[in-house]
Each structure stands twice: as C-alpha cells, then as structure tokens.
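Below is one structure; the comments refer to it alone.
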Amino acid sequence: MSTRIFARAALVGAGALALLGPLTAGTAAASATVEQGGARVLAAPYAVVPYETVNVRTGPGTSYGKLAVVPAGQPLGAYCWTRGERITDNGYSNDVWVKLLEGYVSAVYLKGNEYGDLPASARC
C-alpha cells in the first residue's frame, strides 16, 4: 500500500471515529466534534443527550441569553453541572444545569439521572 493511500485511509478512519464517538459514548465517555472549515476542535469529558429540543443559554437560568436551540437526540459535550434556576416541565423539577461546550442547559431536558447523567462528583 502506498504512503498516500495509507495516509488517506488513516484520515478517513479518524474522521469516522470523530463522528461516531459522541453517538456511541457512554455517560462518562469523552465526546469530540471536529469542524473542518474552522479547524476548530471541541472536546468534553462527558456526553449528554436531550430528550426534547432544548435552549442552550449563557448561564444557568432562563434569564440568561439564548445561544442556540438543540434538537432532541443530538449528543452534546458536557463538562460539569451546577445549581441554578429551578425548572419544572413534563412532571420533573430541579435546579441542576449542565455546563456544555457552548453554554448551559437544564438537566430537566436531558436523558439520565438528575444531573443529566453526569456523575454527582462532576459539580462545577
């Protein structure tokens, strides 16, 4: 196999792993997303998944600005959790907010335990 073919196969394999990593990650596994155009690499120690469309905010409460809207089922990189505004929706209520790469999201909208499936020890 020539060096060029081997290098191309390695790049394709690395790209596939970067795309599959967040989709197959367990609750405490690392997640990674690579953006080719901006050469920007985002990585976090945990992956969380919203069970419905959620707003990502600049801080742990609805009074903070909205940065993005994330669709249900899209894995997100997360660092830790913190206490913030209490949110009640769909019969659940808590004041836990998960710090993402991009901002904060209420754990009420995340699959898993009361901390969005982050360990209790992952407090910010």
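What follows is calculated from the coordinates using simple rules that are stated; it is not laboratory data. The shown structure was predicted, so the numbers you read here are calculated from the model rather than taken from an experiment. Here Cβ is always computed from backbone atoms with ideal geometry, including for glycine, and neighbour counts include all displayed protein chains.
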Taking a ≥ b ≥ c as the square roots of the eigenvalues of the Cα gyration tensor, with a/c under 1.5 meaning rounded and otherwise prolate when a/b exceeds b/c and oblate if not, region 68-113 is oblate
Whole-Å distance linking the alpha carbon centroid of region 49-64 with that of region 71-108 is 6
If each K or R counts +1 and each D or E counts -1, the residues other than Lys99 whose Cβ falls under 13 Å of its Cβ total +2
Counting only backbone N atoms under 19 Å from a point 7 Å out along Cα-to-Cβ of Thr58, the residues of region 94-113 in range are 97-106
Listed by chain and number, the residues whose amide H is under 5 Å from that of Cys80, excluding neighbours fewer than 5 places away on the same chain and using placed H, are Lys99
Diffing region 83-91: the Karplus 3J(HN,Hα) column from phi (6.51, -1.76, 1.60, θ = phi - 60°), in whole Hz with x for Gly and Pro, holds 8, x, 5, 6, 10, 10, 6, 6, x
